[in-house]
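Peer 1: Take a look at the following structure, please.
The values are calculated or read from the model by the stated rules, or taken from the named source; none is laboratory data. Computed from a prediction, not measured in an experiment: that's the story for all the values here. All Cβ positions, even for glycine, are placed from backbone atoms using ideal geometry, and neighbour counts span all protein chains on display.
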Amino acid sequence: MINYHPNDDMLLEHAKGCLNLAMTTALSAHCELCSICQEKLTTMTQQHAHIALIEEDAAADELETSIDLDDMLNSIMLLTPSSASKRQSKSAIVTVKGHEYQLPNALRQQISGTWNGLGKISRMRLETDSGEARASLLHIDAGGEIPEHTHQGTELTLLLAGHFEDEFNRYSPGDFILLDSDHQHTPKTEDGCLCYTVVDAPLRFTKGISKLLNPIGELIY
């Protein structure tokens with residue numbers, strides 16, 4: 001069961017096309033996994049399209065149009081069975097540490113990198129159009145954990161497969177978890193998990209030998 005969702009303001013910005021690539025990917029992937037947010041996004045997209053058409057008509061009311069709003073929205077929001085089948089066939093599959101995962105379609109065109117990591121942690125860098133943001137696929141093998149840390153900026157985690165837990169909760173596939181400098185945690189997983197992550201500043205490790213990584217945080221986040 002999905003318990004963590006993007007808020008309505010973020011969904012509305014997504015419907016308007018105002019988010020950067022990394023966050024657009026995260027919202028799109030979450031909505032593929034979450035019927036509640038998909039329904040909200042569909043409604044917001046329809047409302048935004050309707051308002052845009054009204055504003056356009058008001059600015060150029062001398063032009064006549066035969067566009068039917070319902071037909072236009074249906075063509076935007078709905079896939080024909082054949083195109084849906086074609087899209088599904090192109091879904092990305094990644095393999096890491098002997099595990100195979102099928103990813104949401106939102107990630108399909110970004111999977112072209114290689115895995116890097118140490119121990120039970122593996123990461124694949126993904127494209128982003130923001131100079132500060134870092135987007136990645138993050139895999140934690142069974143029994144692994146990210147050392148205790150807080151955040152100098154924001155950290156978005158979209159759990160794609162498996163489960164992990166921290167000091168706040170236990171998370172399930174589809175959960176959309178947004179944390180900032182007010183949060184300090186130690187994510188860990190018993191059986192392994194795969195996440196899509198976006199961070200806009202280095203993590204700050206707060207315990208043990210991992211604190212030695214803080215001086216080079218700008219290079220490794």
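Peer 1: Can you tell me how many residues within the range 172-220 are under 22 Å from A133 (Cβ atoms), among the β-branched types (V, I, T) and at pLDDT 90 or above?
Peer 2: Of the residues in the range 172-220, 4 are under 22 Å from A133 (Cβ atoms), among the β-branched types (V, I, T) and at pLDDT 90 or above.
Peer 1: Here is a further query. Within the range 178-189, does at least one residue satisfy the condition of being within 14 Å of G162 (Cβ to Cβ) and surrounded by 21 or more Cβ atoms within 10 Å (Cβ to Cβ)?
Peer 2: yes
Peer 1: Right, next: Scan the range 201-219 and tell me whether some residue there is under 30 Å from S35 (Cα atoms) and either charged (D, E, K, R) or out of contact with any helix residue (DSSP H, G or I) (no Cβ under 8 Å at 6 or more places or on another chain) (or both).
Peer 2: Looking through the range 201-219, none of the residues is under 30 Å from S35 (Cα atoms) and either charged (D, E, K, R) or out of contact with any helix residue (DSSP H, G or I) (no Cβ under 8 Å at 6 or more places or on another chain) (or both).
Peer 1: Let me ask you something else. Working only within the range 99-112, note down all residues that are touching a residue at least 40 places away in the same chain (Cβ under 8 Å) and of a type outside the set (A, V, I, L, M).
Peer 2: Those that are touching a residue at least 40 places away in the same chain (Cβ under 8 Å) and of a type outside the set (A, V, I, L, M): H99, Y101, P104, N105, Q110.
One line per residue, one yes/no per condition, for (1) of a type outside the set (A, V, I, L, M, F, W, C); (2) under 16 Å from H30 (Cβ atoms); (3) within 20 Å of the chain's Cα centre (by Cα):
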position	(1), (2), (3)
H163	yes, no, yes
S172	yes, yes, yes
Q184	yes, no, no
D191	yes, no, no
R204	yes, no, no
G208	yes, no, no
K211	yes, no, no
